[in-house]
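Colleague: Quick one: the structure is below, and I'll ask about it shortly.
The values are calculated or read from the model by the stated rules, or taken from the named source; none is laboratory data. What you see is a predicted model, and the numbers here were worked out from it, not measured in a lab. Don't worry about glycine lacking a Cβ; one is built from the backbone with ideal geometry, like all the others, and counts go over all protein chains shown.
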Amino acid sequence: MKMQLGEIAKALGADAAGNDDVVITGVAFDSRQMPANGLFVPLEGARDGHDFVASAIANGAKAALWKKGHPGKPDHFPVVEVDDTLAALQCLAKYYLDKVNPTVVGITGSNGKTTTKDMVAAVLSKRFNVYKTQENFNNEIGVPMTILAMKPSTEILVLEMGMDRPGQLHHLSGLVRPDVCVITMIGEAHIEFFGTRDKIADAKMEITDFLKEDGEFIYNGDEPLLQKRAAKLTQHKATFGFSSTDTISARSFRSYKHHASFVTSSSSQKFSIPMIGKHNVSNALAAIEVGHHFGEKDDQIASALSHFTPTANRMQWKKGDVGEDIMDDVYNSNPTAVKAVLTSFGQVVVPKDGRRIAVLGDMLELGAASAKLHESLASSLDPQVIAQVYLYGHDMKYLADALQSKYSPDQLHYYEKENMDRMIDDLKNDVRQHDIVVLKASHGMHLERVLERLL
């Protein structure tokens, strides 16, 4: 973005206090990450962002938003006073979005939204100027920050949109007014706050609340909870999945160590993605259907998907320090995702003297259902397939108990949360050159520390 402070103030219905000509070329809410000529947005949360305006100025801020009446307003520094700084950030994002006027693709889902976002952006970048959500900036702060970071030349904006409470996607949908909406799947993520998958589905469908009348809703056609809700929409709809009734479905699916291949029901084109697992093929199908919406040809889509770069810590293979192969998937976790990863991991071929080793940490935000949902993972673990299991965290004790009838004591290893270092030491002493290891947990369990030690 590039705007004078006077234009920003006008967009917010505020006044620039005589600093109209100050040029702003970026926005930040973290004073440590100020871009040159940046606008500092002090947000009020666990820490009050207004306390860091001096740091923002020292790091290059040229102006700031400021909550009316908040003490400590800096002297001799341009500020735009607003009633609510977060609301103002969102309002400015909406103004800039309308100004640039890209086509907007909004993507949500209990699992797969980040990978699908990366795939969609890769597919559409063949012919269009595309900007996508960086990392997982997908909430009421991240979405407006993503919008304000796009270049004026952006033709298609691919937005990952997350939620952990009812109404959140309704608000984000109203902010971005998408041309295309994608729901990857409905799982148990955040079930602590919703209680049932039905309520999760209702909340995910909020992404379509402001879908443009001539827009398209692309969703997982193998999910009955989405089928019945999608029927109420008047916009064009398309489905993806593994059923013959889907608009596009996968056939001849094969998963290898570093990639998966498949063909689709819509053509004879062979597709290959640099990720494994049926669930990632599902994400690719969603991206293919988005590509079809924009008129992309299958050969070009296949080329894009074969070379796309996934966001870090999502089923990426890395080499450990004794030669073992490590599947890094430590960013997030829920029962549906873990079962999918374990299934895919169990299909990877290992040398005769190699073993599959699973390292699993707690799945967070499962509420009263946590014990039962952790226990449910036992059906996805077989000692003939995954030889060693390392479990870490308070609720993984439920899975450890459930596995005692399947795994011998020398195959099953459980550690309380304060014993990560001991688990790492035991794991490092156990792992061999030709083993393959998968790391999967909610981000709050910090299995990236295990990864660092193994590398």
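Colleague: Select, from Ala64, Ala54, the only residue that is out of contact with any Asp or Glu (no Cβ under 8 Å at 6 or more places or on another chain) and surrounded by fewer than 21 Cβ atoms within 10 Å (Cβ to Cβ). Talk me through it step by step, then tell me what you get.
Modeller: Numbers: Ala64 fails: surrounded by fewer than 21 Cβ atoms within 10 Å (Cβ to Cβ).
Of the residues listed, the single one that is out of contact with any Asp or Glu (no Cβ under 8 Å at 6 or more places or on another chain) and surrounded by fewer than 21 Cβ atoms within 10 Å (Cβ to Cβ) is Ala54.
Colleague: Does Ala16 satisfy the condition of being modelled with pLDDT under 95 and hydrophobic (A, V, I, L, M, F, W, C)?
Modeller: On the way: modelled with pLDDT under 95: yes; hydrophobic (A, V, I, L, M, F, W, C): yes.
Yes: the conditions hold for Ala16.
Colleague: Can we say Lys99 is of a type in the set (D, E, K, R) and surrounded by 22 or more Cβ atoms within 10 Å (Cβ to Cβ)? Before the answer, list the steps.
Modeller: Numbers: of a type in the set (D, E, K, R): yes; surrounded by 22 or more Cβ atoms within 10 Å (Cβ to Cβ): no.
It is false that Lys99 is of a type in the set (D, E, K, R) and surrounded by 22 or more Cβ atoms within 10 Å (Cβ to Cβ).
Colleague: Also, I was wondering about something else. Taking region 405-416, which residues are surrounded by 14 or more Cβ atoms within 10 Å (Cβ to Cβ) and in a loop (DSSP other than H, G, I, E, B)?
Modeller: First, the residues of region 405-416 that are surrounded by 14 or more Cβ atoms within 10 Å (Cβ to Cβ): 406-407, 411-415.
Within region 405-416, Lys406, Tyr407, Gln411 meet the criteria.
Colleague: A further question on this structure: With the requirement that a residue be assigned to a strand (DSSP E or B) and modelled with pLDDT of 85 or more, what does region 295-328 give you? Give the steps one after another, and end with the answer.
Modeller: First, pick out the residues of region 295-328 that are assigned to a strand (DSSP E or B): 316-319, 325-328.
Selection gives Lys318, Lys319, Asp325, Ile326, Met327, Asp328.
Colleague: If you don't mind, there's one more thing I want to ask. Exactly one of (1) under 24 Å from Glu289 (Cα atoms); (2) surrounded by fewer than 17 Cβ atoms within 10 Å (Cβ to Cβ); (3) at pLDDT 95 or above is unmet by Pro152. Its number?
Modeller: (1)
Colleague: Being touching a Lys or Arg at 6+ places or on another chain (Cβ under 6 Å) and within 23 Å of Met163 (Cβ to Cβ) is the filter here; which residues of region 284-330 pass it? Before the answer, list the steps.
Modeller: Step one: list which residues in region 284-330 are touching a Lys or Arg at 6+ places or on another chain (Cβ under 6 Å), which gives 300, 304, 326, 328-329.
Selection gives Asp329 alone.
Colleague: Scan (1) free of Cβ contacts under 8 Å to residues at least 60 places away in the same chain; (2) of a type outside the set (A, V, I, L, M, F, W, C); (3) surrounded by 20 or more Cβ atoms within 10 Å (Cβ to Cβ) for the single condition Gly346 breaks and write down its number.
Modeller: (3)
Colleague: Next question, about the same structure. Can you tell me which condition Ile147 does not meet? The list is (1) surrounded by 24 or more Cβ atoms within 10 Å (Cβ to Cβ); (2) closer than 23 Å to Phe240 by Cα, and all the others hold.
Modeller: Failing condition for Ile147: (2).
Colleague: May I pose another question? Confirm whether Tyr415 is modelled with pLDDT of 95 or more and in contact with a Lys or Arg (Cβ under 9 Å, 6 or more places away or on another chain).
Modeller: Numbers: modelled with pLDDT of 95 or more: yes; in contact with a Lys or Arg (Cβ under 9 Å, 6 or more places away or on another chain): yes.
Answer is yes for this residue.
Colleague: Of Ser243, Ser265, Ser252, Ser272, which residue is without any contact (Cβ under 8 Å) to a residue 40 or more places away in the chain and on the phi > 0 side of the Ramachandran plot?
Modeller: Working: Ser243 fails: on the phi > 0 side of the Ramachandran plot; Ser265 fails: on the phi > 0 side of the Ramachandran plot; Ser272 fails: on the phi > 0 side of the Ramachandran plot.
Every option except Ser252 fails the conditions.
Colleague: Quick check, is Asn419 of a type in the set (S, T, N, Q), part of a helix (DSSP H, G or I) and over 30 Å from the mean Cα position of the chain (by Cα)? Don't jump to the end; show me each part of the working.
Modeller: Values: of a type in the set (S, T, N, Q): yes; part of a helix (DSSP H, G or I): yes; over 30 Å from the mean Cα position of the chain (by Cα): no.
The answer is no for Asn419.
Colleague: Looking at region 269-294 only, could you name the residues that are among the β-branched types (Val, Ile, Thr) and either in a helix (DSSP H, G or I) or touching a Leu at 6+ places or on another chain (Cβ under 9 Å) (or both)?
Modeller: Looking only at region 269-294, we keep the residues that are among the β-branched types (Val, Ile, Thr), and these are 273, 276, 281, 288, 290.
Answer for region 269-294, where residues must be among the β-branched types (Val, Ile, Thr) and either in a helix (DSSP H, G or I) or touching a Leu at 6+ places or on another chain (Cβ under 9 Å) (or both): Ile273, Val281, Ile288, Val290.
Colleague: To continue, here is another question. Residues that are touching a residue at least 24 places away in the same chain (Cβ under 8 Å), within 28 Å of Ala14 (Cβ to Cβ) and among the hydrophobic types (A, V, I, L, M, F, W, C), at least 3 per element: which helices (runs of 4 or more DSSP H) completely within region 84-155 meet that?
Modeller: 85-100, 142-149
Colleague: Determine if region 383-398 includes at least one residue that is of a type in the set (Phe, Trp, Tyr), part of a loop (DSSP other than H, G, I, E, B) and surrounded by fewer than 21 Cβ atoms within 10 Å (Cβ to Cβ).
Modeller: Of the residues in region 383-398, the ones of a type in the set (Phe, Trp, Tyr) are 390, 392, 398.
Those left that are additionally part of a loop (DSSP other than H, G, I, E, B): none.
Within region 383-398, not a single residue is of a type in the set (Phe, Trp, Tyr), part of a loop (DSSP other than H, G, I, E, B) and surrounded by fewer than 21 Cβ atoms within 10 Å (Cβ to Cβ).
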